[in-house]
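The values are calculated or read from the model by the stated rules, or taken from the named source; none is laboratory data. Because the structure is a prediction, the values reported are computed rather than measured. Here Cβ is always computed from backbone atoms with ideal geometry, including for glycine, and neighbour counts include all displayed protein chains. Just the protein is used for accessible areas: all its heavy atoms, side chains included, with ligands, DNA and RNA removed. Shrake-Rupley method; radii C 1.70, N 1.55, O 1.52, S 1.80 Å.
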There are 2 protein chains.
Amino acid sequence: MDSFLQAALDEARAGLAEGGIPIGSVLVLDGRIIGRGHNRRIQQGSAVLHAEMDCFENAGRLSAAQYQRCILYSTLSPCDMCSGASLLYKIPKIIVGDNVNFTGPEDYIRSRGIDVVVINDAECIALMSDFIQYNAALWHEDIGE
Amino acid sequence: MDSFLQAALDEARAGLAEGGIPIGSVLVLDGRIIGRGHNRRIQQGSAVLHAEMDCFENAGRLSAAQYQRCILYSTLSPCDMCSGASLLYKIPKIIVGDNVNFTGPEDYIRSRGIDVVVINDAECIALMSDFIQYNAALWHEDIGE
C-alpha cells in the first residue's frame with residue numbers, strides 16, 4: 001500500500017484503539033506529511049472533527065499556496081463537510097481508501113476541479129465494514145442519518 | 001433585527017473583541033438557541049473553526065432528527081466547508097446576514113434542498129466590510145485565497 005494511505009490507515013486504527021470511529025486522514029505537502037487526523041466524535045464529543053477536519057486542524061494555518069500543493073488522503077470517501085473543506089482550501093487531489101462503505105459527493109467535487117482517486121483498498125474497506133456492522137447507530141450519527 | 005440574527009451578530013462582535021475575524025453564528029432548534037459560535041482562526045490558530053463550525057461544535061452531538069429541525073443563522077454567507085457541514089446534517093434552513101462581502105455556494109445547497117434566506121442586514125455588512133478593509137490578508141487566508 002502507498003505509504004501515505006498506510007499512514008491514514010494507521011490513524012484510523014489509532015482512533016479505533018481509543019474507542020472511536022475508525023476513519024483516518026493525512027495531509028501531504030510536497031511529499032511530506034504535514035497533518036494527521038482521525039475521527040474524534042466519541043473521544044471529544046465532536047460534531048465537526050471527522051478525520052479530514054481533524055487532519056486540517058492539526059496541520060495548522062496554512063497559506064492558500066500551500067493548500068494548493070497538497071494531497072489529502074482519507075481511508076473513507078469524504079462526506080459533504082470534509083469535501084467542502086477541501087473545496088474551501090482548493091486541495092487539488094484526494095486519495096480515497098474506500099468508497100464502498102460510504103460515498104461522498106465525489107462527482108460534485110470533481111466538477112469543481114478536485115482530482116479524486118479511489119483506491120478501494122481491502123484493509124480500509126474491511127476496517128470500516130466491521131465497525132459499521134457492530135456500531136450502526138454511531139455510524140449513522142456520524143453521517144447525519 | 002430578528003433576535004436570532006442579532007445573537008449571531010453578537011457572536012461576531014465577541015470574536016472581534018477577542019482580536020478575531022468577526023463572523024458569528026447560532027443554531028436554533030424548535031425556537032431555542034442550542035449552539036453559538038464565532039470564527040476562531042486567530043484565537044485558536046484554527047483552520048476549521050469558522051463561525052458555523054464552531055457553532056455546530058458547541059451545540060454538541062445531536063441526532064439526525066434534531067438537526068433536521070434546526071435553523072442555522074450566520075452573519076456571512078456560509079463557505080464551501082460550512083455549507084458542506086449543513087448538507088451533512090441536513091439542516092433545512094439557513095438565514096444569511098450578508099452575502100455582499102462573500103457568497104458561498106448558495107445555489108448548490110439550494111439544489112440539495114436547503115432553504116437559504118439572505119437578509120443582507122446593514123450591520124452585518126458593515127462589520128465585515130470594515131474588517132476586510134483593514135485585514136485583507138487575514139480575510140483571504142480564511143477563505144483559502
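Show me you know the interface measure: the accessible area buried between B and A, both chains summed, probe 1.4 Å, in Å² to the nearest 100.
Values: alone 6750 and 6750 Å², together 10730 Å².
The summed interface area works out to 2800 Å².
So, for the protein assembly as shown, what is the accessible surface per residue at a probe of 1.4 Å, expressed in square angstrom?
Values: 10730 Å² over 290 residues.
I get 37 Å² per residue for the protein assembly as shown.
Can you give the convex hull volume of the alpha carbon atoms of the range B:1-75 per residue, in Å³?
72 Å³
In square angstrom, rounded to the nearest 10, how much accessible surface does B:K93 have for a 1.4 Å probe?
Using a 1.4 Å probe on the heavy atoms, I get roughly 70 Å².
Scan chain A for the residue whose Cβ is closest to the axis carrying it onto chain B, then write down that distance in whole angstrom.
Residue plus distance in Å, as requested: A:G84, 1.
How many percent of the accessible area of the protein assembly as shown is carbon or sulfur, using a 1.4 Å probe? List each step's numbers first, then the result.
Values: 5270 of 10730 Å².
So the carbon and sulfur contribution to the accessible surface is 49 percent.
Report D for the protein assembly as shown in µm² per second (integer): Stokes-Einstein, Kirkwood Rh on Cα pairs, 25 °C, 0.890 mPa s.
Diffusion coefficient, whole number: 131 µm²/s.
When you have a sec, figure out the Kirkwood radius of the range B:41-105 from all distinct Cα pair distances and drop it here in Å to one decimal?
Working: mean 1/r = 0.0813 Å⁻¹.
So the Kirkwood estimate lands at 12.3 Å.
So, how do all the Cα-to-Cα distances of the range B:1-40 break down into 10 Å bins, in percent, from 0 on up?
Taking all Cα pairs of the range B:1-40, the binned fractions are 37, 48, 14, 1 percent.
Can you list which of the DSSP-assigned H helices in chain B have a Cα extent of 20 Å or more along the long axis and an average Kyte-Doolittle score of at least -0.5?
On the way: long enough: B:3-17 (21 Å, 0.47).
Sorted by number, the helices that extend far enough and score high enough are B:3-17.
Suppose you put the label 7 Å out from Cα in the Cβ direction; list, shortest first and in nm with one decimal, how far B:A137 is from each other copy's label.
Computed spacing set for this position: 5.1 nm.
What does the helix-only formula give at 222 nm for chain A: each DSSP H stretch with n ≥ 4 adding -39500 (n - 2.57), the total divided by the residues, and the result rounded to the nearest 500 deg cm²/dmol?
Theoretical 222 nm ellipticity from helices: -12500 deg cm²/dmol.
If you put a point 7 Å past Cα along the Cβ direction, how far is that point for B:S111 from the same point in each other copy, in nm, smallest first?
Those label-point separations list as 0.4 nm.
Calculate log10 I(q)/I(0) of chain B for q = 0.11, 0.13, 0.15, 0.18 Å⁻¹, where I(q) comes from the Debye formula with a single equal point scatterer on each Cα and nothing for solvent.
After summing over all Cα pairs, the log10 values are -0.34, -0.48, -0.65, -0.96.
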